[in-house]
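Working notes for the structure below.
The values are calculated or read from the model by the stated rules, or taken from the named source; none is laboratory data. A quick note: this is a predicted structure, and the numbers were derived from the prediction, not measured. Every residue, glycine as well, gets a Cβ built from its backbone with ideal geometry; the counts of neighbours run over all protein chains shown.
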Amino acid sequence: MTNTLNWFKSSYSNTEGGACLEVAFEWQKSSYSTDNGGACVEVARCPGTAVHIRDSKNPAGPILTVSPDSWSHFTASVTRTSD
């Protein structure tokens, strides 16, 4: 997990200096990832909005963004198949 928060501007903000809101998210490394540089996945949740997914070896991207519902369905599916 990194200690750096990633800030991004709200989609309701404009470029004209109006009332801008910025929010931050923190990346969390998968519990299945190891410290030896293996296949690491990191996830950052923006509650109610999106789930961002990236390869920890390439933090600049690309970053996959999915809906919270899609992420829930995916993780439930992975859990069922790994049991």
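Hey, residue 59 hits all of (1) closer than 22 Å to residue 78 by Cα; (2) surrounded by 10 or more Cβ atoms within 10 Å (Cβ to Cβ); (3) modelled with pLDDT of 65 or more; (4) not aromatic (Phe, Trp, Tyr) but one; which does it fall short on?
It is condition (1) that residue 59 fails.
Do we find a residue being part of a helix (DSSP H, G or I) and more than 16 Å from residue 29 (Cβ to Cβ) anywhere in segment 43-61? Write out each step before concluding.
At the first step, the residues of segment 43-61 found to be part of a helix (DSSP H, G or I) are none.
Checked against the condition, which is being part of a helix (DSSP H, G or I) and more than 16 Å from residue 29 (Cβ to Cβ), segment 43-61 yields no hits at all.
Given 23, 66, 43, which one is modelled with pLDDT under 80 and among the β-branched types (Val, Ile, Thr)? Can you show your working first?
Working: 66 fails: modelled with pLDDT under 80; 43 fails: modelled with pLDDT under 80.
From the options 23, 66, 43, the qualifying one is 23.
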